[in-house]
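Participant: Quick one: the structure is below, questions incoming.
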Amino acid sequence: MELHEFTAQVQLDQLRRGDISPVELATHYLDRIERLDGELGAFTTVTRDAALARARHVEQHVPKAAPLWGLPLGDKDLWRRAGVRTTMGSRLLADWVPEASDEVVEALDAAGGVSLGKTNAPEFGFPAYTESLVAPPARTPWDTSRGAGGSSGGAAVAVAAGLLPLAPGSDGGGSIRIPAAATGLVGLKPSRGRVPSLGGFTSLGGLVTAGPLARTVADAALLLDALVGPSPWSVGPPTWDGGAYLNAAVRGEGRYQLGVMTTSPWDSTYDIAVSPEARSALDLAVRELAALGHGVEELALEPDDSYGPAFRTLWQSGAANVEAAGEQLDLLEPLTRWLVERGRALDARTLADALRRLAVYERSVIRQFSSFDAVLTPALAMTPRPLGWFDAEDPERNFEQQCQYTPWTSFANVSGLPAIVLPVAETEEGLPMGVQLIGRPGGEETLLALGTQLERRLRWQRRHPTQW
């Protein structure tokens, strides 16, 4: 077997035993990126020399107890790394080289990771697909005529095609879970506040948090433990505790009460339809979970006309701070420019009302889900979308298409709940289809246990695209 064919867990064990060195492992992945990424669009910038220097540094100076010791990673191109080109997916910043790194990047370094470069992301992370004007599109390796989703599209492509063992992403409305579903991966959005370096509290509405993309549930848990570890501003050298999430994933224990839902908070705003492929994947997961002894019960969200307009207001308001003015606005893509201009036109009262309505909605969702350990939904309403499917010129239509594609992800961010996407099925065309489990506040361990149980039955970790 080649190195990338092992799980991230096994690769980490090989590193710590000295069977391979961090430099050897980084070189293996860098060579694969050079050979394969031209048709995939996983990376916007590859930092080969810096990566090998970092690998040597980890080997010589970072304690092997660090949870990601020597494992190759990628920095999402929405995150700053000092001295490395960071485009934010925009022509506006096509040549920007920041002088400082973001906290999440420093946290991954402290955990012993080795960054190989920047993974592809759409403009400022707003779209649910990764097809910007500053880089080639991120393509799902299962069918390179289709997109990988977004906004952590490049990270997902890299893991699915064996260009990285696992990868961090960020999720403000589904940006980890959407590309996980489109590329056949496990993707986990943690509870609000769970990740110290990017846990949601610094984003408008508390939406954005960092989380893992991986091929197995245990690998996702491994990266989550690292993200939840000591923050980069802790006093003294970092100390790493146990690995509670990895333990929960490895054990995979428990019987739970599950709700099953196909209604979404967007039903009152747009025409939402569940494709036969999405329905089939959901039905498969329900059968397998019932066979495992879990209680399964149908659930429908209470209709709420306020969600769609309030979330849209929040999304537009979040774009208002994009640093572009005058002629710089012409460098923005139509969707981003629409979001920026609409956001800047909103008054404080409108934003405050939207935040209030979403806070009420958060409490409502937690109440409606309170009798369940987790709630199961489709991951996406459709198969991975063909490149160019989202309307690039009509922002109103584009926003509607995104909600129709992924109607079940954003409300987990609004409610601050943990959610995991699991790649349970393939279509007749060989496209991955997933389901989503939404947990109780702080319920990541339950989601990981359920994910492991499904993984043991369905063995999705054995499925790989042709680039493998």
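Participant: Is there any pair with a first residue in region 442-460 that is under 16 Å from Ser191 (Cβ atoms) and a second that is polar (S, T, N, Q) and not in a helix (DSSP H, G or I) whose Cβ atoms are under 6 Å apart and which are 6 or more apart or on different chains, and what are they?
Facilitator: Partner pairs satisfying both residue conditions: Gly442/Ser191.
Participant: Only one residue in Ala310, Ala352 is surrounded by fewer than 18 Cβ atoms within 10 Å (Cβ to Cβ) and in a helix (DSSP H, G or I). Which one? I'd like the intermediate steps shown before the answer.
Facilitator: Working: Ala310 fails: surrounded by fewer than 18 Cβ atoms within 10 Å (Cβ to Cβ).
After applying the criteria, what remains is Ala352.
Participant: Can you tell me which residue among Ala285, Ala273, Ala290 is surrounded by fewer than 17 Cβ atoms within 10 Å (Cβ to Cβ), part of a helix (DSSP H, G or I) and either of a type in the set (A, V, I, L, M) or free of Cβ contacts under 8 Å to residues at least 24 places away in the same chain (or both)?
Facilitator: Working: Ala285 fails: surrounded by fewer than 17 Cβ atoms within 10 Å (Cβ to Cβ); Ala273 fails: part of a helix (DSSP H, G or I).
Of Ala285, Ala273, Ala290, the one residue that is surrounded by fewer than 17 Cβ atoms within 10 Å (Cβ to Cβ), part of a helix (DSSP H, G or I) and either of a type in the set (A, V, I, L, M) or free of Cβ contacts under 8 Å to residues at least 24 places away in the same chain (or both) is Ala290.
Participant: Moving on to the next point. Let me spell it out: the conditions are (1) surrounded by 24 or more Cβ atoms within 10 Å (Cβ to Cβ); (2) over 15 Å from the mean Cα position of the chain (by Cα), and Val421 meets all of them except one. Which number is the exception?
Facilitator: Condition (2) is where Val421 drops out.
Participant: Could you figure out which of (1) free of Cβ contacts under 8 Å to residues at least 60 places away in the same chain; (2) β-branched (Val, Ile, Thr); (3) surrounded by fewer than 18 Cβ atoms within 10 Å (Cβ to Cβ) isn't true of Ile366?
Facilitator: The single condition Ile366 does not satisfy is (1).
Participant: Can you give me the number of residues within region 403-424 that are closer than 16 Å to Tyr129 by Cβ and part of a helix (DSSP H, G or I)?
Facilitator: Number satisfying all stated conditions: 4.
Participant: For region 76-105, give me each residue that is under 21 Å from Ala42 (Cβ atoms), among the aliphatic types (A, V, I, L, M) and outside any loop (DSSP other than H, G, I, E, B).
Facilitator: If the condition is that a residue be under 21 Å from Ala42 (Cβ atoms), among the aliphatic types (A, V, I, L, M) and outside any loop (DSSP other than H, G, I, E, B), then Leu93, Val104, Val105 are the ones that fit.
Participant: May I pose another question? Whether any residue in region 57-65 is surrounded by 22 or more Cβ atoms within 10 Å (Cβ to Cβ), among the polar types (S, T, N, Q) and at pLDDT 95 or above is what I want to check. Before you say what the answer is, go through the steps one by one.
Facilitator: Taking region 57-65 and keeping what is surrounded by 22 or more Cβ atoms within 10 Å (Cβ to Cβ), we get 58.
Filter once more, keeping what is among the polar types (S, T, N, Q): none.
No, there is no match, as no residue in region 57-65 is surrounded by 22 or more Cβ atoms within 10 Å (Cβ to Cβ), among the polar types (S, T, N, Q) and at pLDDT 95 or above.
Participant: Hey, another quick one. Do any residues in region 45-67 that are more than 21 Å from Leu12 (Cβ to Cβ) have Cβ atoms under 6 Å from those of residues that are among the charged types (D, E, K, R) and not in a helix (DSSP H, G or I), where the two are at least six apart or on different chains, and which pairs are they?
Facilitator: Partner pairs satisfying both residue conditions: Thr45/Arg85; Thr45/Lys118.
Participant: Please go through region 179-194 and give me each residue that is among the aliphatic types (A, V, I, L, M) and either closer than 21 Å to Gln467 by Cα or in a loop (DSSP other than H, G, I, E, B) (or both), ordered by number. Working first, answer last.
Facilitator: Of the residues in region 179-194, the ones among the aliphatic types (A, V, I, L, M) are 180-182, 185-186, 188.
Within region 179-194, Ala180, Ala181, Ala182, Leu185, Val186 meet the criteria.
Participant: Contact list please: Cβ distance under 7 Å, first residue in region 376-389 and closer than 9 Å to Ala182 by Cβ and at pLDDT 95 or above, second residue among the aliphatic types (A, V, I, L, M) and assigned to a loop (DSSP other than H, G, I, E, B), pairs at least six apart or on different chains.
Facilitator: What qualifies is Thr383/Leu431; Pro384/Leu431.
Participant: So which of Phe390, Phe399, Phe372 is aromatic (Phe, Trp, Tyr) and either surrounded by fewer than 19 Cβ atoms within 10 Å (Cβ to Cβ) or not in a loop (DSSP other than H, G, I, E, B) (or both)?
Facilitator: On the way: Phe390 fails: either surrounded by fewer than 19 Cβ atoms within 10 Å (Cβ to Cβ) or not in a loop (DSSP other than H, G, I, E, B) (or both); Phe372 fails: either surrounded by fewer than 19 Cβ atoms within 10 Å (Cβ to Cβ) or not in a loop (DSSP other than H, G, I, E, B) (or both).
On inspection, the qualifying residue turns out to be Phe399.
The values are calculated or read from the model by the stated rules, or taken from the named source; none is laboratory data. Since the model is a prediction, treat every value here as computed from it, not as a measurement. A quick note on method: Cβ atoms are made from the backbone with ideal geometry, for glycine too, and the neighbour counts reach across all protein chains shown.
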